[in-house]
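Every number here is computed from the coordinates shown, using simple stated rules; none is lab data. This is a predicted model, so every value here is computed, not measured. Counting neighbours? That spans all protein chains shown, and the Cβs are built from the backbone with ideal geometry, glycine included.
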Amino acid sequence: MRLARIFSDHVVLQRERPVPIWGWGEPGESVRVAFGGQSLATTTDRSGKWRVQLAPMPVSASPQELTVTGNTTIRVSDVLVGDVWLCSGQSNMAFGLGGCDAEADIQSATFPAIRFLHYWERFAAEPQDDIDSRWQQVNPTTAGSCMAVAFYFARRVYQETKIPIGLVACTVGGTEIECWMPPEAFRTPSLRPIEKRLDEAIAQYQATLPGAVDAMERWLAVAKQALAQSRPVPNPPRYPLPPNEDRNGTWVRTQSLFKGMVAPLTSLAIKGVLWYQGENNGDELKPYIEKQQALIESWRARWGYDFPFYFVQLASWLKPSTVPSGDDSSPRWQRCREAQLASLKLPKTGMAVTIDIGDPGDIHPKNKLDVGERLALWALAKDYGRTGLVYSGPIYKAMQIEGRQIRLQFDHLGGGLMVGKKEGRRPVVEDKNGALKRFAIAGADRVWQWADAKIEGGTVVVSSSRVTQPTAVRYAYALNPEGCNLYNRAGLPAFPFRTDKGD
């Protein structure tokens with residue numbers, strides 16, 4: 001008898017949803033699962049797998065025991081009922097609290113009702129059915145290894161709601177979004193060529209196996225003879241790696257992390273997903289729009305319900321842009337940021353803007369406090385009933401040409417617009433004597449000029465003496481738009497944007 005490893009001591013089960021519990025035993029074995037006053041019986045199938053589904057349960061911060069009884073009995077202790085958030089993406093999501101220069105936060109991290117599940121890296125060519133990790137409570141001993149973004153998210157939500165929080169790590173650094181997408185996500189005409197290239201690679205791999213196996217068998221015979229005679233063993237022949245294990249190209253890893261790391265979790269009841277990825281797709285605009293939206297929709301389809309999906313927009317990085325258009329930067333993360341913004345059209349999505357808290361010298365900015373808390377604002381407002389909470393910075397809505405100037409309108413004014421100043425982890429403050437920066441303006445000739453910009457009520461008016469007939473505006477549209485400083489009065493940064501359209 002074996003229980004899926006996701007259900008270890010200190011596990012958090014999802015509240016107010018049916019909760020599947022599953023595992024394996026001998027074929028035909030009788031199994032009984034007991035938890036929280038519920039007792040459910042089933043029998044393993046021919047392959048030995050079993051599954052039951054607990055009825056929805058209310059929040060419970062009191063530790064309970066989950067028991068599974070078959071030919072043997074398994075006991076899982078210290079089980080809470082709260083909200084489970086799947087935390088996925090690249091290394092900025094994996095980045096641990098211990099790397100954030102946040103020793104005070106680590107030492108004060110006594111949160112027995114916040115738990116996290118360490119994950120492991122697994123690329124796979126076929127869907128896996130289990131994981132290899134265990135739950136831990138957040139305390140000063142363990143907090144340093146907890147994902148920093150997830151920690152600050154959970155801390156903020158827990159402090160305001162007292163609902164137990166479970167954080168499931170599902171991250172691998174330096175990975176493309178294609179790695180995390182299931183096969184069905186590529187069925188749209190624009191994405192089908194990606195899957196086709198993978199299919200071709202798999203077919204080529206299969207075709208090389210017979211010759212490779214024959215060569216390996218011949219080598220084994222020679223190697224055994226050499227060992228028996230105490231002679232040096234020759235080097236083995238090169239053996240082809242399955243396409244999903246080759247990390248030297250984007251398309252060969254397509255679907256591999258979904259199959260290796262996400263697939264074992266699609267039966268797990270969760271509250272939602274926190275997603276931080278994009279660096280490896282940073283030059284993409286339209287392709288990333290289609291990929292991220294396909295990922296969100298396909299994950300929701302796999303789980304069977306539309307859970308919240310909150311993600312992080314890429315922060316600023318490398319040298320500040322020196323030209324008004326922002327097109328001097330490489331990679332062109334401004335394109336990926338634009339694509340990320342487009343995913344907000346999907347229901348139950350939200351995005352934490354981090355354009356003001358990047359690090360020019362480090363692709364892994366250490367200020368994960370603001371990242372986690374900005375994600376938490378979306379969840380608190382949308383999922384935890386916090387009315388009146390400002391959860392988003394200003395989002396460009398419309399423009400109006402007024403002679404030699406352009407007037408910009410925004411959603412999410414948050415009490416009004418302001419010139420803000422952000423220093424480290426300190427809250428944003430109004431810069432009363434400051435001027436708006438990083439606005440650019442162009443005419444029909446598409447020659448961009450740095451612009452003067454000023455706040456007028458809930459709008460921003462943009463102009464330049466060099467542009468007499470303006471047609472478009474850009475704001476913070478660069479890999480590193482250092483100095484961008486438009487905020488609402490809740491201290492949340494405006495989303496980078498451009499009013500002109502491009503590829």
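What are the semi-axes of the equivalent ellipsoid for the stretch 168-300, taken as the square roots of 5 times the Cα gyration tensor eigenvalues, largest first, in whole Å?
Details: eigenvalues 299, 61, 35 Å².
Listed largest to smallest, the semi-axes of the stretch 168-300 are 39, 17, 13 Å.
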Take the alpha carbon gyration tensor of the chain, find the square roots of its eigenvalues, order them as a ≥ b ≥ c, and report rounded if a/c is under 1.5; if not, report prolate when a/b exceeds b/c, else oblate. oblate
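Rounded if a/c is under 1.5, else prolate if a/b beats b/c, else oblate: with a ≥ b ≥ c from the C-alpha gyration tensor eigenvalues square-rooted, which is the stretch 46-122?
Values: a/c = 2.49, a/b = 1.64, b/c = 1.51.
Since a/c reaches 1.5 and a/b is larger than b/c, the shape of the stretch 46-122 is classed as prolate.
Using the Kirkwood radius over C-alpha pairs as Rh, can you work out the diffusion coefficient of the stretch 395-498 via Stokes-Einstein at 37 °C, viscosity 0.692 mPa s, in µm² per second?
Values: Rh = 13.9 Å.
Answer, rounded: 237 µm²/s.
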With angles folded into 0 to 90 degrees, how steeply does helix 333-342 sit against the dominant principal axis of the chain? Use alpha carbons for both and round to 10. 80 degrees
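Go ahead and run the numbers for FRET between SER108 and SER465, Cβ-Cβ distance against an R0 of 60 Å, rounding to 0.05. Working shown, then result.
Details: r = 53 Å, r/R0 = 0.88.
According to the calculation, E is roughly 0.70.
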Setting aside same-chain residues fewer than 8 positions from LYS437, which aspartates and glutamates have a Cα under 13 Å from its Cα? ASP356, ASP452, GLU482
Rg/Rh over Cα atoms for the stretch 192-242, Kirkwood Rh, comes to 1.25
Hey, what number do you get for the chain at 222 nm if only DSSP H runs of n ≥ 4 count, each worth -39500 (n - 2.57), divided across all residues, to the nearest 500? -6500 deg cm²/dmol
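Just check the stretch 295-350 against the gyration tensor rule for me: Cα atoms, a ≥ b ≥ c as the square roots of the eigenvalues, rounded for a/c under 1.5, and otherwise prolate or oblate depending on whether a/b exceeds b/c. Write down the numbers at each step before the final one.
Working: a/c = 3.58, a/b = 3.32, b/c = 1.08.
Prolate, since a/c reaches 1.5 and a/b exceeds b/c.
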Which whole-Hz couplings ³J(HN,Hα) result when phi for each residue of the stretch 68-83 is put into the Karplus expression 6.51 cos²θ - 1.76 cosθ + 1.60, θ = phi - 60°, listed in order with x for Gly and Pro? 10, 10, x, 5, 10, 10, 10, 10, 10, 9, 6, 9, 10, 10, x, 10
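If you place +1 on the Cβ of every Lys and Arg and -1 on the Cβ of every Asp and Glu, how big does the dipole about the Cα centre of the stretch 288-399 come out, in debye to the nearest 20?
Computed charge dipole of the stretch 288-399: roughly 280 debye.
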Check ILE21: other-chain or 5+ apart residues with amide H under 5 Å from its amide H, H built from backbone geometry? VAL52, GLN53, LEU54
Students often forget the sequence filter, so: which aspartates and glutamates lie under 18 Å Cα-Cα from LYS382 once same-chain residues fewer than 8 apart are removed? GLU16, ASP83, GLU160, ASP306, GLU373, ASP411
Label-reachable residues, the stretch 195-219, where backbone N falls under 19 Å from a point 7 Å from ALA125's Cα toward its Cβ: 195-217
Lysines within cross-link reach of LYS259: Cα-Cα under 24 Å, excluding same-chain residues under 8 positions apart? LYS49, LYS196, LYS271, LYS291
In nm, the gap between the two label points placed 7 Å beyond Cα toward Cβ at THR43 and VAL233 is 4.8 nm
On Cα atoms only, tilt of 286-303 relative to the major axis of the chain in degrees: 40 degrees
Acute angle (nearest 10 degrees) that the helix 192-228 long axis makes with the longest principal axis of the chain, alpha-carbon atoms: 40 degrees
